[in-house]
Amino acid sequence: MSSAINDATSPSFFSNKSAKIFVAGHRGLVGSAIVRKLQSLGFTNLVLRTHADLDLTRQNDVESFFAAEKPQFVILAAAKVGGIHANNTYPADFISLNLQIQTNVIDAAHRFGVTKLLFLGSSCIYPKFAPQPIPESALLTGPLEPTNEWYAIAKIAGIKMCQAYRIQHNWDAISGMPTNLYGPHDNFHPENSHVLPALMRRFHEAKVNGAKEVVVWGTGSPLREFLHVDDLADAVVFLMGSYSGLEHVNVGSGKEVTIKELAELVKEVVGFQGQLVWDSSKPDGTPRKLMDSSKLAGLGWTPKISLKEGLVGTYKWYLENVKQ
Ligand SMILES: NC(=O)C1=CN([C@@H]2O[C@H](COP(=O)(O)OP(=O)(O)OC[C@H]3O[C@@H](n4cnc5c(N)ncnc54)[C@H](OP(=O)(O)O)[C@@H]3O)[C@@H](O)[C@H]2O)C=CC1
Ligand SMILES: C[C@H]1O[C@H](OP(=O)(O)OP(=O)(O)OC[C@H]2O[C@@H](n3cnc4c(=O)[nH]c(N)nc43)[C@H](O)[C@@H]2O)[C@@H](O)[C@@H](O)C1=O
């Protein structure tokens, strides 16, 4: 899906390092990595607000913020985010908060003169039984995975909102669809986090406490594709500078592992010596979601950080920043 009118590139993103950029959600996994990336490239004028300073679900506050700050670029990495249990347990929060945040930010960014906005979705937007690897064209071709359909519907609405504003207003809003992410500043909550930080914490605590077993959810058979968040941040900045199309863009590593393989790898990196016990009363979620990231590769971007390397770095960060 593309059109000549809507596919102009935006070289101006890299040409002015003092352009004002609002990174929404800058203290999260993704937002903090994007801030690190932008700062390493020499961008000097980042506008950052904590959740406490600016609740993005409050439309009036968001409008006042945009009216006062008038950022030139917006990267929307603020969202209600969680793993399979959180998505399944708090469906109202996942659909409602995400619809509110993205609607407020996208609409205000357009109305207050932002040049370009990047919206972040997720690989869960695709049908549960999408063809593998999943191309961008698989969107809205089948039923969603029930454990995260509420979040997925919000994310699909975000993609469509960017497309609608581009079509009606010729406004440069793009969408990136990351695969499962991990890295520094991840959420290590025991129940509400994603699998990788959850297991890192559980194996670490088991090692420290001398436990013989660690419980892992589901059957271990689902396949997941993991991308280090520093690679994702690199891709986001790349897209800000080089992509202005109508269609969303998949951002993956191209490499998948079973949850069992992931658990063994995390166990090895953490140095836990005991056994894994599988709790099959917990949901597996979607059986497989490897994205086809050839569109992004065709634009000239590929990931650099291997899963093993990324896990070692993330565990080091966990030891220095999170563990009690
Ligand atoms: N993590 C992953 O594996 C994946 C993430 N993504 C996408 O990347 C984006 C970022 O996710 P991630 O960094 O992991 O999430 P995090 O939970 O780590 O960070 C989200 C950030 O958004 C902020 N936030 C949430 N609600 C509000 C609000 N109402 N007003 C202002 N700020 C708010 C949070 O602040 P606070 O903590 O104070 O509430 C936090 O800083 C999301 O769009 C997500 O869908 C996509 C694919 C995979
Ligand atoms: C990024 C993505 O993240 C979510 O989808 P998910 O890929 O299913 O994410 P997950 O990381 O929570 O689980 C992956 C797999 O791992 C298994 N698993 C084992 N043990 C634990 C465990 O301890 N915690 C968790 N969370 N999962 C575990 C778990 O049973 C599942 O089979 C959605 O929020 C979705 O909206 C989304 O976008």
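The values are calculated or read from the model by the stated rules, or taken from the named source; none is laboratory data. Source: prediction; values computed, not measured. Reconstructed Cβ throughout: ideal geometry from the backbone, glycine too, with neighbour counts over all protein chains shown.
Within segment 116-127, is there a residue that is more than 13 Å from ligand 1 (Cβ to nearest atom) and without any contact (Cβ under 8 Å) to a residue 40 or more places away in the chain? Yes, there is a match, as at least one residue in segment 116-127 is more than 13 Å from ligand 1 (Cβ to nearest atom) and without any contact (Cβ under 8 Å) to a residue 40 or more places away in the chain.
Residues of segment 267-287 that are buried (at least 17 other Cβ atoms within 10 Å of the Cβ) and among the aliphatic types (A, V, I, L, M): V269, V270. The single condition among (1) farther than 18 Å from P222 by Cβ; (2) in contact with a Lys or Arg (Cβ under 8 Å, 6 or more places away or on another chain); (3) of a type outside the set (S, T, Y) that C124 does not satisfy is (1). Of the strands (runs of 3 or more DSSP E) that lie entirely inside segment 204-320, those containing 3 or more residues that are modelled with pLDDT of 95 or more and under 20 Å from S137 (Cβ atoms) span 249-251. Report whether or not L227 is under 24 Å from P303 (Cα atoms), touching a residue at least 40 places away in the same chain (Cβ under 8 Å) and within 14 Å of the chain's Cα centre (by Cα). Answer is yes for this residue.
Residues checked against (1) under 19 Å from V249 (Cβ atoms); (2) touching a Phe, Trp or Tyr at 6+ places or on another chain (Cβ under 6 Å); (3) not polar (S, T, N, Q):
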{"position": "L99", "(1), (2), (3)": "no, no, yes"}
{"position": "T103", "(1), (2), (3)": "no, no, no"}
{"position": "D107", "(1), (2), (3)": "no, no, yes"}
{"position": "R111", "(1), (2), (3)": "no, no, yes"}
{"position": "L118", "(1), (2), (3)": "yes, no, yes"}
{"position": "P127", "(1), (2), (3)": "yes, no, yes"}
{"position": "K160", "(1), (2), (3)": "yes, no, yes"}
{"position": "Y165", "(1), (2), (3)": "yes, yes, yes"}
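Among the residues of segment 277-303, the ones that are among the acidic types (D, E) and more than 17 Å from the chain's Cα centre (by Cα) come to 2 in all. Would you confirm whether any residue within segment 37-59 is assigned to a helix (DSSP H, G or I), among the aliphatic types (A, V, I, L, M) and crowded, with 16+ Cβ neighbours inside 10 Å? Yes, some residue in segment 37-59 is assigned to a helix (DSSP H, G or I), among the aliphatic types (A, V, I, L, M) and crowded, with 16+ Cβ neighbours inside 10 Å. Identify, please: which residue in segment 92-112 is more than 14 Å from V62 (Cα to Cα) and more than 17 Å from the chain's Cα centre (by Cα) and is, among those, farthest from ligand 1 (Cβ to nearest atom)? Once the filter is applied, the top-ranked residue is A92.
Of the residues making up segment 304-324, those that are more than 20 Å from the chain's Cα centre (by Cα) and of a type outside the set (K, R) are V312, L319, E320, N321, V322, Q324. The set of residues from segment 212-231 being under 23 Å from I134 (Cβ atoms), more than 15 Å from ligand 1 (Cβ to nearest atom) and in contact with a helix residue (DSSP H, G or I) (Cβ under 6 Å, 6 or more places away or on another chain) comprises just one member, G220. Scanning segment 135-150 for residues being buried (at least 16 other Cβ atoms within 10 Å of the Cβ) and either in contact with a Ser or Thr (Cβ under 7 Å, 6 or more places away or on another chain) or more than 21 Å from V81 (Cβ to Cβ) (or both) gives a total of 4.
Residue check: W150 meets all listed conditions (1) within 12 Å of ligand 2 (Cβ to nearest atom); (2) under 14 Å from the mean Cα position of the chain (by Cα) but one, namely (2).
Restricting attention to segment 71-91, the residues that are in a loop (DSSP other than H, G, I, E, B) and either within 9 Å of ligand 1 (Cβ to nearest atom) or in contact (Cβ under 8 Å) with a residue 60 or more places away in the chain (or both) total 7.
Restricting attention to segment 164-192 and to residues that are buried (at least 22 other Cβ atoms within 10 Å of the Cβ) and small (G, A, S), the residue that is farthest from L262 (Cα to Cα) turns out to be A173.
Take I159 and tell me if it is within 14 Å of ligand 1 (Cβ to nearest atom), in a helix (DSSP H, G or I) and touching a strand residue (DSSP E or B) at 6+ places or on another chain (Cβ under 9 Å). Considered against the rule, which asks whether it is within 14 Å of ligand 1 (Cβ to nearest atom), in a helix (DSSP H, G or I) and touching a strand residue (DSSP E or B) at 6+ places or on another chain (Cβ under 9 Å), I159 comes out as yes. The lone criterion from (1) buried (at least 20 other Cβ atoms within 10 Å of the Cβ); (2) closer than 25 Å to D231 by Cα; (3) more than 8 Å from ligand 1 (Cβ to nearest atom); (4) not aliphatic (A, V, I, L, M) left unmet by F65 is number (2). Looking across segment 102-116, just one residue is touching a Gly at 6+ places or on another chain (Cβ under 9 Å) and either of a type in the set (A, V, I, L, M) or farther than 11 Å from A154 by Cβ (or both), and that is I106.
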